[in-house]
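Some notes on the structure that comes next.
Nothing in this text is a laboratory measurement; each read-out follows from the coordinates by a stated rule. Predicted, not measured: the structure shown is a model, and the values here were computed from it. Cβ atoms come from the backbone with ideal geometry, glycine included; neighbour counts cover every protein chain shown.
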Amino acid sequence: MKKLLAVLLVAVMVLGFVACGEPTTNPDETTAAPDDTTGGGETPVEDPDAGKPAAEVYNQEIDQAAYNQESWDLYNANLKDSYELYTKALEAETVAERFALFALSEGKLIGSGMMLPTTTQGGNYAIGRIAPRTSTTTLWGSDEARLYKTIVVDSELPILPAERAEMIDKWNELKGTGTYEAWVKEYLTGKGYTIKDSYSTTFTADPQTWDALATYRAADTDYLVHTYDQLLEYDIENVQQPALAVSYEVSEDGLTYTFKIREGAVWVDSQGRKVADVKADDWVAGFQHLLDAKGGLEGLVAGDAFTIKGAPEYLAGEVDFSEVGVKATDEYTLVYTLAEPCMYFTTMFGYNPFAPLCRDYYTSQGGKFGAEFDSSAEDYLYGSDPDHIAYCGPYLISNFTSKNTITYTANESYWNKDGVNIKTLTFKFNDGTDELKNYNDMKNRVIDATGLNASAIEAAKKDGWFDEYKYITDTNATSFIGFVNINRKAYANSNDPSVAVSTLTKGEADFANTALQNVHIRRALLASVDRAAYNAESVGEELKLTSLRNSYVPGNFVSIPEDVTVEINGTATEFKAGTYYGEIMQAQLDADGVKFTVWDKEKNTGDGYDGFYDPEYAKSELAAAQADGIAVSKDNPIKIEWPYYSDSSANTKMSNAVKQSVEAASDGLIQIVLVDCTSRANYLWAAYYPDYGYGMNAQFQAMSGWGPDYGDPQTYLATVLPDITGGMIKACGIF
């Protein structure tokens, strides 16, 4: 449960977006699963409204109770097996059994055809003036977005690839010693470079809030993380270090964590004026505000991943906050009490659910706690803009101009100001309309680094910069995903019904909904997408396979620490110690006869190849759907709408690649209808910003992804649990 990532539409960038998901209740408590789990059936023979525009017939007025029941029914029909394996994993007695059962759960999830892994972050060509490994590469949390330690050279030309390689080799050698930063500075100056104290990069969407505890979207958190410090933070060598906590102790039963808070740290306003000392109570206030705000983060601390004592009961209105296990026992002692031991609890501290909140400043901006909390109140100003938050991190926001610039300047009251390498941090807006903007801005020293999209690669080759300065970026644990909406309700954007309006008739929309509730149609759709061709339009033909991902949890994210035997469809199956998660996931798919390849045993990886695209398999699944009663034919194709951003040439070409491959592989039985969203904001409102499934204005889209919060597969899989707390399940049109 971490970061809800928005797919970048501009030239491939060095940095990405992210946010958090949540847990759920047992679907069996609400409704039993139907006997028929394939979906199916035909469209009504006669419907007087069939020829009317879907956008005219359907609207945003939702009967919430009926919608919730419908969501439960569809979840049970399509994901019940996956959910049952997930719950068994939570009850596992060993780590090996837990990981294996999670892998089987994801095998069922992938086999459902409701989500299509696309790519990961990285694996693209880039050029730049940033020294490698000078921000953390830890796979979870938001610490990778902290840039104050970044080392940037003041140079007309980018850093040479050979020099980058030498620095990475040294990082591998020095990792954990605390000496890499000093070595890099000495190395670069020895090579004749001058190190500067400013860093400029890009952003592609304005933050929707400046309240770090009320959002789970990376489009917010990546910019807020510079304004506050955490208790503990990962350094550039990926070692967790004290930040606003100087030490901590864990009780013998693993339930109580006691932190000593750093004395002398202060809160300031946007002008740098002191408003309060940092105290243990700031985390108590922050945690209550987190639960009050219900911004999507509460599931991380009060759900299946682990639970702070009393948090679920407080959310349910059953107890007062005094019963919640976050206490300040004195001014500088903070105590967390867990409901049960959690081996990865402290790894979560790099993510914003554990951000502090200055209580006095918050209340001065109209903030209230508990039943009195009301973010819509006229006097509630907290988080409305950068001038209405308090700061305890390395930077103050000195300028925010919407869709233009975000500028951070060094916080002179920051407790670790002598450790800040970048004194001025600038984000410059890029809406993606000019594919060469990032490349040209990097050449002209407007920004300090950029990834290279297909157009930029060609430009760099003409300039002679490609062969001289290009390198391939590291891939990471972020997984971008395409989602199939099995219950579409919106046929125009929820924020503005005049944009991204569907061109389908009601009859076409109803048929698409019926068809997409059939597992064979969904598998046929996914097997028809040439993801390599899709990715080539972003990163270029040469690297089109490098960043392809074939699962939600990366196949090598974890391996089992000891031999384990689990049942696969009733058959006891043994996996040896060291077996990767992806291999176990593949075993479930094979047992189910699903011809998707999420793990290549010979290559020992789940990345770098297309394990889904298979036109022959698509045709066989279409035939199975027809046998189920889905009346798809060339005279009656399934029309599936895919939103795209027409001002972005790259996104337009990627969307057309999907359309061409699907229609070719399905012999035209599935047709992709491209819906022009006209602007980046409208594009994101189609299927990224909506909070509920009924707001998802697409039948198929690939706008977002997820990055992990901690080192356990649950950090991904909890996002597709039922109810609105699943975080990502809404992209499938349910909850």
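Could you size up the charge dipole of segment 337-471 around its Cα centre, putting +1 on the beta carbon of Lys and Arg and -1 on that of Asp and Glu, and report it in debye to the nearest 20?
460
In segment 108-187, which GluC sites (Glu not before Pro) are in a loop and have at most 11 other Cβ atoms within 10 Å, using DSSP for the loop call?
Filter output for segment 108-187: 156.
Provide 652, 119, 227 in ascending order of the number of other Cβ atoms located within 10 Å of each residue's Cβ, fewest first.
So the residues, fewest neighbours to most, are 652, 227, 119.
Using alpha carbons only, how many degrees (0 to 90, rounded to 10) separate the axis of helix 454-463 from the longest principal axis of the chain?
50
Could you pull out the pairs from 149/437; 595/730; 52/634 whose alpha carbons sit more than 24 Å apart here?
Where the Cα-Cα span goes over 24 Å, the pairs concerned are 149/437; 595/730.
Please rank 289, 388, fewest neighbouring Cβ atoms within 10 Å first, as an exposure proxy.
388, 289
Just the number: Rg to Rh for the chain, Cα atoms, Kirkwood Rh, two decimals.
0.95
In bins 5 Å wide, starting from 0, what share of all Cα pairs of segment 226-397 does each bin hold, as a percent?
1, 8, 17, 22, 21, 17, 9, 4, 1, 0
Ranked highest first by average number of other Cβ atoms within 10 Å, how do 78-88, 369-379, 573-583 line up?
For the peptides 78-88, 369-379, 573-583, the packing ranking is 78-88, 573-583, 369-379.
If amide hydrogens are placed 1.01 Å from N in the peptide plane, which non-local residues have theirs closer than 5 Å to the one on residue 266?
Close amide H contacts, sequence-distant or interchain: 278, 415.
Report the residues of segment 338-356 in range of a label on residue 316: point 7 Å along Cα→C-beta, backbone N strictly under 18 Å from it.
Output list for this probe position: 338-340.
Rounded to the nearest 500 deg cm²/dmol, what is the calculated helix-only ellipticity per residue at 222 nm for the chain, with -39500 (n - 2.57) per DSSP H run of length n ≥ 4?
-8500 deg cm²/dmol
What length, rounded to one decimal in nm, is gained on full extension from residue 331 through to residue 95, with 0.36 nm per residue of separation minus their alpha-carbon distance?
81.2 nm
Near residue 599, within a Cβ-to-Cβ distance under 13 Å, what is the net charge of the other residues, with Lys and Arg +1 and Asp and Glu -1?
Combined, the nearby Lys, Arg, Asp and Glu give -3.
Run the numbers for residue 56 and residue 556: contour at 0.36 nm per residue of separation, minus the present Cα-Cα distance, in nm.
Length difference between fully extended and current span is 175.3 nm.
When only Cα pairs under 8 Å and 6 or more residues apart are kept, what is the percent relative contact order across the chain?
24
Once the other residues with Cβ under 10 Å from the Cβ of residue 315 are scored (Lys, Arg +1; Asp, Glu -1), what is the net sum?
So the surrounding residues net to -3.
Contour minus end-to-end for residue 631 and residue 462, with contour as 0.36 nm per residue of separation and end-to-end as the Cα-Cα distance?
Contour length minus the Cα-Cα distance gives 55.7 nm.
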